[in-house]
């Protein structure tokens, strides 16, 4: 089957599995084919290069390639960014691609920075009138993890770490639910336009009824679930 590269938004480069000397070549080859986006993901276990201690309660993380050149995430992101634009807005079908070149992530895992969340929240208020689906934990979330200074303890979730995306087309609707907590969580979903129907989990075939525009789903730790909306 043949595809026009313009029909494909982007392709993935797993930087941590590739020699850094080839990063520029791979990115340029993707660009030459007409692709407009490079995707990747951060494999935290690979970046974790040292055990927890008093200074680093979650462990020592390497994102600059100090211990291994393949872990230089900052260099890879620098190669992939689109020039010097601080913010790029581009219409793609009925949606919008927004690129922010300014660095807004937190540098240390133990820091509590809401800068990136605040930025995304402002964009949503500016460009989105009302979400098609709203997600929140059905009950307070607690989990056991490392405590600052060492040792383990119970942590309580202070903000919503779940997200939901409703993908709509003329023929079907697909719902993506992501759980960013480090424990299994039960999420409550509220739909803007769907009042009744059902969700079918594409992995387990579980059927979840939608009543009065609401339903409840369980999602495993640090994972996602995909549902077909019937």
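Read-outs: derived from the displayed coordinates by stated rules, not from any lab. The model shown is predicted, which means the values in this text are computed figures rather than measured ones. Methodologically, a virtual Cβ is constructed for each residue, glycine included, from the backbone with ideal geometry; neighbour enumeration extends over all protein chains shown.
Pop the C-beta distance of residue 26 and residue 123 into the FRET formula with R0 = 30 Å and round what comes out to the nearest 0.05.
Computed FRET efficiency for residue 26 and residue 123: 0.55.
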How far, in nm, would the chain grow between residue 203 and residue 75 when pulled straight, counting 0.36 nm per residue and subtracting the alpha carbon separation? 42.5 nm
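Roughly speaking, what is the stretch gain from residue 178 to residue 33, that is 0.36 nm per residue apart minus the C-alpha to C-alpha distance, in nm to one decimal?
Difference between extended and current length: 49.1 nm.
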Cα centroid separation, segment 147-210 to segment 27-73 (Å): 26
Given labels modelled 7 Å from the Cα in the Cβ direction, how far is it in nm from residue 190 to residue 49? 4.6
Residue separation times 0.36 nm, minus the C-alpha to C-alpha distance between residue 216 and residue 160: what's the value? 18.6 nm
